[in-house]
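Data block below; observations after.
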Amino acid sequence: MRDALADLIEVFGFEARAFGSSESFLAAHAPGLFGCLITDLNLPGESGLQLRQRLRALEPSLPVIIISAQANPAASALALSCGALAYLTKPINDQVLLQHLTLALGQATPRA
């Protein structure tokens, strides 16, 4: 799923990098880079929601979209209250993802 999502984002014309966990993302992430994080709610180790909460303190301007296999109103509300731009359920509609990604990148802060 991770690689398919990265491939789809590249088909949209954006650069994508895929990571298998929150920890691997944080190890490779350079704060201040222009972009958007799309994370699954259920990741190995630290969850996507925990990652969003950590990034809220470390890099509050990074837009985050959370995806999940479950349409869970409580998880969706929590994700949005923690600053996620969107909570999308799988299977993800390509056009809906593109709309949210375009909106997120419009809100992202370019590195000076």
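The values are calculated or read from the model by the stated rules, or taken from the named source; none is laboratory data. All values derive from a computational prediction rather than experimental measurement. Please note: Cβ atoms are built from the backbone with ideal geometry, for glycine as well, and neighbour counts cover all protein chains shown.
Quick notes on this one:
- ALA6 vs. criteria modelled with pLDDT of 90 or more, more than 13 Å from the chain's Cα centre (by Cα) and of a type in the set (A, V, I, L, M): no
- Restricting segment 57-70 to residues that are modelled with pLDDT under 90 and outside any helix (DSSP H, G or I), the residue that is surrounded by the most Cβ atoms within 10 Å (Cβ to Cβ): LEU62
- Among the candidates LEU78, LEU49, LEU41, residue that is surrounded by 14 or more Cβ atoms within 10 Å (Cβ to Cβ), in contact (Cβ under 8 Å) with a residue 24 or more places away in the chain, touching a strand residue (DSSP E or B) at 6+ places or on another chain (Cβ under 6 Å) and among the hydrophobic types (A, V, I, L, M, F, W, C): LEU41
- Selection from segment 81-108 of residues that are closer than 22 Å to HIS29 by Cβ, of a type outside the set (S, T, N, Q) and loosely packed, with under 14 Cβ neighbours inside 10 Å: GLY106
- Which numbered condition ALA30 misses (of (1) surrounded by fewer than 17 Cβ atoms within 10 Å (Cβ to Cβ); (2) free of Cβ contacts under 8 Å to residues at least 40 places away in the same chain; (3) not in a loop (DSSP other than H, G, I, E, B)): (3)
- Among the residues of this structure, THR102 does not count as one that is in contact with a helix residue (DSSP H, G or I) (Cβ under 6 Å, 6 or more places away or on another chain) and within 20 Å of ASP3 (Cα to Cα).
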